[in-house]
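First up is the structure itself, then whatever we jot down about it.
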Amino acid sequence: MLETDVGESLQLWDTPGFPNCQKILSRLQGAKNPIVRIVTEVWDRFRDRPSWCAQQAVLNVQQEADVVLYLVNATEEPRMAGYIAPELQLLEWIGKPVIVLLNQTGPPKDRAEQQRLEQPWKDYFASYGFVRGVHSLDAFSRCWVQEGILFETIQSLLPSHDRQLMNRLFAVWQTSNLTIFHAAMEQWAMLVARAARSRVMTRGDGSPMDKQKQQAVDGLLKDLVNEVGTTTKAVIALHGLEGDAIGMIQARMEHVEVLRGGQSWGEATLSGTAIGGIGGALTSGAYAGLHLDAATGGVSMGLFTVAGAVVGGVLGFFGGEAWAERQAGHQQTPVMWSDDYLDLLVQDVIIRYLAIAHFGRGQGQYVADPEDPRFWITKVKTLVSGQRATLHEQWTRLREQELMPRTDKKPKQLAALLTSITLELLWSTYPASKRFLDRPT
């Protein structure tokens, strides 16, 4: 599972289920009796093979394991799950520290909801001294950060010399996952930076400006949607995901909404249709501005800044007034993303990262029904809003770079800002992660 350069390793192995814990326990407890031992080694081995195999598995855990991870179904009530009490007797006989893992916890939850889920289980296991921790770790929606918290708990339960070994193994895990994390933040930052630098010229051919600007909008939209798709796939690959898991993540992200206040997409875009995802958001928002202007006789750019004009507000789902021009266009005019829309793009890429970091990490195909992570949206929006002034300074700087001969520099400041926002969200959701998640240097 983990291995240092010198071959030290952390191994995780799965044991079979124990169909009759009471019978297994009675056999093992009586193993010192010669008659019982003969029954176990001869009779059970040939006449009750499942029981014999289960006994060998228990003995293997007792002899080889340092810590036992005990999975329970979080959808059940602890005291109503009849299998738990006899299995705990068996675990107590094994004599190893036990960490309870809550499986089937469902989609990611905010900290308060997670605590409400975990507390009944913590209360139930409090009277069992050998149970040393209770952690949520869903097989299909866990985050790598939760794995780090579990590894730290394991480390705390080991004797001194093994704890030092686990510290070295944890350093391997930490380096690998933080490298992936910062690489993902850099990928998203490059995407947003390219969007900030992007501009498309109107044709300046004397045709109506609304037609020219709509053609410019088409160009910006096409480029950005392609960039988002390419970058999302690259970040998915960074996390070692493939196959159906990729499709599920992409489908899930196509339903992420970043709303203004209590508005729905239909109300906000004036389109009457709820369209999710970055592609849908861009299309509905941009064309809502154009359609509204066509109805009122004006031509605004909705989500765009035109000819360097500063937009006090934007149409589409941002609301407000936008710069308008009522003439036929005889000169080429640059069209670029507005500051407010780039802020929204930052929200989108952070939510995309959270989805990739949380889903598809279990074995097998990820087939859970997609549900929007609503609490992420609220938190991300709040954190991004708190950085509005800093982000707008970034957009100005990046647009200036677009006019310079060399624009191939990595957007380090923007990457650091995205990293800081994402870390704040991870810390608030998983407070114990502060011990091993770092800020950008």
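The values are calculated or read from the model by the stated rules, or taken from the named source; none is laboratory data. Keep in mind it's a predicted model, so treat the numbers as computed, not measured. Neighbour counts run over all protein chains shown; Cβ positions are idealised from the backbone, glycine included.
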Assuming residue 183 fulfils every condition listed in (1) modelled with pLDDT of 95 or more; (2) buried (at least 16 other Cβ atoms within 10 Å of the Cβ); (3) among the hydrophobic types (A, V, I, L, M, F, W, C); (4) under 23 Å from the mean Cα position of the chain (by Cα) apart from one, which condition is it?
(2)
Quick count over the stretch 63-79, residues being β-branched (Val, Ile, Thr), in contact (Cβ under 8 Å) with a residue 40 or more places away in the chain and assigned to a loop (DSSP other than H, G, I, E, B), is 1
Please go through the stretch 106-119 and pick out each residue that is in contact with a Pro (Cβ under 7 Å, 6 or more places away or on another chain) and modelled with pLDDT of 95 or more.
none
If we ask which residues in the stretch 84-131 are in a loop (DSSP other than H, G, I, E, B), in contact with a Gly (Cβ under 9 Å, 6 or more places away or on another chain) and surrounded by 17 or more Cβ atoms within 10 Å (Cβ to Cβ), their number turns out to be 1
Among the candidates 184, 139, residue that is of a type in the set (A, V, I, L, M) and in the same structural domain as residue 85 (by TED's automatic domain parsing):
139
Going residue by residue through the stretch 138-155, is there one that turns out to be more than 24 Å from the chain's Cα centre (by Cα) and surrounded by 14 or more Cβ atoms within 10 Å (Cβ to Cβ)?
yes
Could you check the stretch 221-240 and list, in sequence order, the residues that are among the aliphatic types (A, V, I, L, M) and modelled with pLDDT of 80 or more?
224, 225, 228, 234, 235, 236, 237, 238
Which one of 42, 36 is loosely packed, with under 12 Cβ neighbours inside 10 Å and either modelled with pLDDT under 70 or among the acidic types (Asp, Glu) (or both)?
42
